[in-house]
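S.K.: Can you read through this structure? Questions will come right after.
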Amino acid sequence: MKKFIAIICLVVSVFNLSAKERQDSLILKIDKRNQTLIGGKDSKRTLKEELESAFEKKGLVLTDSLWQNIRQAIKTDSDGDSSLSVRIGNSSVKIGIHKSPLRGSVTSQESLVTSQESWKNSGKKEEVRIGLDGVHVKDGNEETHVTWDGVYHREGKEVTKVIWGKDTTKVKRPNLYSRRGLDFNLGLNTLVGGEPEIAVAYPGAPAYIPNFTLDPLGSRYASLGISRFVTLSEGKKSAFRLGYGLEIDWYNFRFDHNRIATKGPNGVLFNTITSSTGKEIVMSKNKMSVSYITLPIMPHFSFDKKSAVQMVAIGGYVSYRIDTWTKAVEEESGNLRKETTNLYVNPFRYGLRAEFALRHFPDLFFSYDLSPLFESGKSQEMRGLAFGIRLL
């Protein structure tokens, strides 16, 4: 290893001396932020004029196609440095594009010119090469290569890499909760809103059940979708993200009476079904279902997976109605009555949603419609509300 260090020191010395003697290559450095040539003599000239001047000193011409490539590399949205390498005639040109000016940059244009290959030992076992791709030293089965991005040393099959600056491949990422993947939510839903009170028809008559009285456990909500997110800011223990996705969800409102919802000429009607004897038919199941395609937008905070609270999200959603239908099953005969109609349900829906992820507990969700379920003037102003857990 000491032998290799001595060889590299010798190579670097020869490389510096040869750079002043041979002028077969041109190396230029550009400040990407200010779009100026590092080491340029005239600050009043444009970048293109500085490059043309540098090319002329080497007897070269800056072509329009090369200039367009340089401009494209400068405009590229990249946090790191980049470079361009071209060959013009017998000369090689390498242009480095740096995000910020290099500390200790030379001020003389001539010091940026170096040789492509100043010294070479072509022995069978030992070899040293200096060129635009860096310094390469070989001694038997050991090789060392010094480049712009680091040093690579190979001994047999073992390779050791030393990079300049911080090795991002070894940066430990925080283990944060991820709101991404396939979602399946299951819970209960209800309707929120006031209905007018109806007086008892006569003393001792059975109490009237309002049209939108629901069976609390029979009214179920379900959704299936996918979710993604973009990270807006991230720390060691938390991150602020913007979640989004696409899902299909279903409201199932199961009525706690025997009146079936139908579409009347001027609004939603609730009518009972009577037998041939005039007796009201009892329904074992009587519900109205609405399906939507929904786009949720959920800003949220993600925390470490070992935290008691792993995620808190508060956002909203917009939906478009896909279908609406009613379904009723007679208790005695088992006859099924099903009708598909829009039932004056609003085609668009929007509302608020909250989600919570807890350790050792299923994720929770709550949603509340800000838009009424039915079109204006077609029924009472009812709004949907759902809550439950995430199963996937």
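S.K.: When you scan the range 309-348, how many residues do you find that are more than 30 Å from M283 (Cα to Cα) and without any contact (Cβ under 8 Å) to a residue 60 or more places away in the chain?
M.R.: Counting residues in the range 309-348 that are more than 30 Å from M283 (Cα to Cα) and without any contact (Cβ under 8 Å) to a residue 60 or more places away in the chain gives 8.
S.K.: Restricted to the range 374-392, and to residues that are surrounded by 15 or more Cβ atoms within 10 Å (Cβ to Cβ) and among the small types (G, A, S), which residue is farthest from the chain's Cα centre (by Cα)? Before you say what the answer is, go through the steps one by one.
M.R.: Within the range 374-392, the first condition is being surrounded by 15 or more Cβ atoms within 10 Å (Cβ to Cβ), and the residues that meet it are 374-375, 378-380, 382-388, 390.
From what is left, the residues that are among the small types (G, A, S) are 379, 384, 386, 388.
On the way: S379: 41, G384: 30, A386: 27, G388: 26 Å.
Among those residues, the one meeting the criterion is S379.
S.K.: Considering only the range 323-338, state which residues are surrounded by fewer than 14 Cβ atoms within 10 Å (Cβ to Cβ) and closer than 19 Å to A386 by Cα.
M.R.: Of everything in the range 323-338, just one residue is surrounded by fewer than 14 Cβ atoms within 10 Å (Cβ to Cβ) and closer than 19 Å to A386 by Cα, namely D323.
S.K.: While we're looking at this one, here's another question. Tell me, which strands (runs of 3 or more DSSP E) wholly within the range 215-321 include 1 or more residues that are under 22 Å from the mean Cα position of the chain (by Cα) and surrounded by 14 or more Cβ atoms within 10 Å (Cβ to Cβ)?
M.R.: Numbers: elements: 220-234, 238-254, 260-263, 268-271, 283-303.
Ranges flagged: 220-234, 238-254, 283-303.
S.K.: While we're on this one: Test S371 against the criterion of being closer than 13 Å to V290 by Cβ and open to solvent by less than 70 Å² (accessible area, probe 1.4 Å), and give yes or no.
M.R.: So S371 fits the description; yes.
S.K.: May I pose another question? Restricted to the range 89-118, and to residues that are among the hydrophobic types (A, V, I, L, M, F, W, C) and modelled with pLDDT under 80, which residue is nearest to K32 (Cα to Cα)?
M.R.: Of everything passing the filter in the range 89-118, L102 is nearest to K32 (Cα to Cα).
So that you can scan it fast, the table gives a plain yes or no per residue for (1) closer than 26 Å to I130 by Cβ; (2) in a strand (DSSP E or B); (3) modelled with pLDDT under 85:
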| position | (1), (2), (3) |
| --- | --- |
| S18 | yes, no, yes |
| Q23 | yes, no, yes |
| L26 | yes, yes, yes |
| N34 | no, no, yes |
| R45 | no, no, yes |
| G59 | yes, no, yes |
| W67 | no, no, no |
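S.K.: Something else about it: Return the residues of the range 355-392 that are among the hydrophobic types (A, V, I, L, M, F, W, C) and assigned to a strand (DSSP E or B); say none if nothing qualifies.
M.R.: Result: F356, A357, L358, F361, L364, F365, F366, F374, L385, A386, F387, I389.
S.K.: I'd like the full set of residues that are of a type in the set (A, V, I, L, M) and at pLDDT 75 or above, limited to the range 159-199.
M.R.: Residues satisfying the conditions are L176, L182, L186, L188, L191, V192.
The values are calculated or read from the model by the stated rules, or taken from the named source; none is laboratory data. Treat the numbers as computed from the prediction; the structure is a model and nothing was measured. Ideal geometry is used to build each Cβ from the backbone, glycine not excepted, and the neighbour counts take in all protein chains shown. Note: accessible area is taken over every heavy atom of the protein model, side chains too, but ligands, DNA and RNA are not part of it. Shrake-Rupley method; radii C 1.70, N 1.55, O 1.52, S 1.80 Å.
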